[in-house]
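Notes to accompany the following structure.
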Amino acid sequence: MRSMSSEMFCGKVISPDQLSEIALIVDMFPKLTRNELANTICELFEWKRPTGKLKTVECRQFLERLDARGMIQLPACRIQNTRRIKPDVDRKAALV
């Protein structure tokens, strides 16, 4: 991993201590999804919108940026369940 430098999140400078905590959380919980990690970090640092909701999307993008720079190593993206298409059922045949 690269040495921690100053990073920005939503216009705020993130301290090296915070970056170290983020790296520690990512390392400690490798089975969490990227969204779960983002939620956890938002809760820890109280990164919220004026409405009180967590900045999960922005945090996930921030984590992915740190990952791309080699500062942390995020878990691989999980395969999403694709939307399954229901087969067409012939209603007349079903009634017989």
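The values are calculated or read from the model by the stated rules, or taken from the named source; none is laboratory data. What you are looking at is a predicted structure, and each value in this text was computed from that prediction instead of being measured. Reconstructed Cβ throughout: ideal geometry from the backbone, glycine too, with neighbour counts over all protein chains shown.
Here is how the numbers come out for the structure above:
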item: Positions within the stretch 21-40 being at pLDDT 95 or above and either among the hydroxyl-bearing types (Ser, Thr, Tyr) or over 19 Å from the mean Cα position of the chain (by Cα) (or both), in sequence order; result: 40
item: Where a residue in the stretch 13-40 is of a type in the set (Phe, Trp, Tyr) and its partner, wherever it lies, is part of a loop (DSSP other than H, G, I, E, B) and surrounded by 13 or more Cβ atoms within 10 Å (Cβ to Cβ), with Cβ under 6 Å and at least six apart; result: none
item: Matching entry among 4, 8 (being touching a Leu at 6+ places or on another chain (Cβ under 6 Å), at pLDDT below 95 and either surrounded by 18 or more Cβ atoms within 10 Å (Cβ to Cβ) or not in a loop (DSSP other than H, G, I, E, B) (or both)); result: 4
item: Index of the failed condition, residue 74 passing every other in (1) touching a Leu at 6+ places or on another chain (Cβ under 9 Å); (2) at pLDDT 95 or above; (3) part of a loop (DSSP other than H, G, I, E, B); result: (2)
